[in-house]
Amino acid sequence: MDYQTFQPHPELASIIKCYWTLDSPKEDIPQTQTIVPDGCMEMIFHYGDLYKQYIDGEAIVQPRYCVFGQLTEPLRIESTGITGIFSVRFHHDGFLPFATIPIKQMDDKAVPLDDLFGTAGTELGEKVFQSNTIQEKIDLVESFLRERLNTETIDRIVQSTIDILLQVNGQISVNELSQQTNINRRQLERRFSSAIGMSPKQLSKTIRLQSILKHLLHKEYVNLTTLAYDAEYYDQAHFIKDFKEFTGLTPKEFYGDNLQMTSLFYGKDS
């Protein structure tokens, strides 16, 4: 697999985390891959063959052009042929200025671009599909997003709270977040649901486990007990429970071919 990342124009850097591409030949025996939640929404364009995703054991073919909402659980996917993907990875609250339906309604769903943007979404998808270079794809997407950027929808309280979560790798309670931001817990939860599609607790857990995931992928740990202790889990059982909820596997089961794409996406800074 060939995975590459590209940086957005500085004007959009506070909204877009990166662009990435993934290219891979057809597999003789397609392998199911697991994508773990990272708290970021994605705008995805398949210029290769489409992917299947599994929901409750049932395979559904993804749209060719879509925005994937927040993952609240591991996502199992499988290629149907040659992989060619161009994607826009937004910051945690980065899709909010472009949302045409409530963010929360998009959780765990691949929403077609035409459902979000009508014929303009279809036209964007077709132009990106037909473009010959990655830079052309980036230029098309950035022009489209600039035209629709609504900065009035950006929630500065949510942004500052996300900054706190990132600084402490998610190792903070919602009550502490509420105190630091001077926003009561219920209001903070409502604002997070509207801006991100997740609660502060869910995002905190996601950020903490993403930090652990990167340590595991880079083999930057002595043993699992120490890793759990450093992440401030109160016991090993709590750590294993959260890890399995997040990845679908126990930490000991973590290494394997079914996490090949996770290793690509989250084993690098992006």
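The values are calculated or read from the model by the stated rules, or taken from the named source; none is laboratory data. Everything numeric in this text was worked out from a predicted model, so none of it was measured. Here the Cβ positions follow ideal geometry from the backbone for every residue, glycine too, while neighbour counts run over all protein chains shown. Just so you know, the surface numbers come from the protein's heavy atoms only, side chains and all, with ligands and any DNA or RNA stripped out. Shrake-Rupley method; radii C 1.70, N 1.55, O 1.52, S 1.80 Å.
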Item to check | Qualifying positions in segment 23-67 - within 22 Å of Arg89 (Cα to Cα), surrounded by fewer than 18 Cβ atoms within 10 Å (Cβ to Cβ) and among the acidic types (Asp, Glu) | outcome: Asp23, Asp49
Item to check | Failed criterion for Ile77 (all others in (1) modelled with pLDDT under 95; (2) within 30 Å of Thr161 (Cα to Cα) hold) | outcome: (2)
Item to check | Members of segment 198-214 that are among the polar types (S, T, N, Q) and part of a helix (DSSP H, G or I) | outcome: Gln202, Ser204, Thr206, Gln210, Ser211
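Go through segment 59-91 and report how many residues are part of a strand (DSSP E or B), among the hydroxyl-bearing types (Ser, Thr, Tyr) and either closer than 24 Å to Ser193 by Cα or outside the structural domain of Leu140 (by the TED database) (or both).
Restricting attention to segment 59-91, the residues satisfying the condition of being part of a strand (DSSP E or B) are 59-61, 65-68, 75-79, 83-90.
So of that shortlist, the ones also among the hydroxyl-bearing types (Ser, Thr, Tyr) come out as 65, 79, 83, 87.
The next check asks that each one be either closer than 24 Å to Ser193 by Cα or outside the structural domain of Leu140 (by the TED database) (or both); those that pass are 87.
Total satisfying the criteria: 1.
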Next on the checklist: Here is a list: Ala237, Ala228. Which entry is open to solvent by 20 Å² or more (accessible area, probe 1.4 Å), assigned to a helix (DSSP H, G or I) and under 26 Å from Thr250 (Cα atoms)?
Outcome noted: Ala237
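To keep it simple, each residue is scored yes or no on (1) more than 16 Å from the chain's Cα centre (by Cα); (2) at pLDDT below 85.
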| site | (1), (2) |
| --- | --- |
| Gln210 | no, no |
| Tyr221 | yes, yes |
| Ala228 | yes, yes |
| Tyr233 | yes, yes |
| Lys244 | yes, no |
| Thr250 | yes, yes |
| Tyr255 | yes, yes |
| Asn258 | yes, yes |
| Lys268 | no, yes |
Next on the checklist: Scan segment 50-58 and tell me whether some residue there is farther than 29 Å from Ser199 by Cα and assigned to a loop (DSSP other than H, G, I, E, B).
Outcome noted: yes
Checklist outcome for this item: Within segment 106-121, residues in a helix (DSSP H, G or I) and closer than 15 Å to Gln62 by Cα come out as Met106, Leu113, Asp114, Asp115
Checklist entry - Do any residues in segment 51-66 that are closer than 20 Å to Val128 by Cα have Cβ atoms under 8 Å from those of residues that are open to solvent by 50 Å² or more (accessible area, probe 1.4 Å) and among the aliphatic types (A, V, I, L, M), where the two are at least six apart or on different chains, and which pairs are they? => result Tyr51/Val61
Checklist entry - Which one of Gly125, Gly94 is touching a residue at least 60 places away in the same chain (Cβ under 8 Å), open to solvent by less than 50 Å² (accessible area, probe 1.4 Å) and assigned to a loop (DSSP other than H, G, I, E, B)? => result Gly94
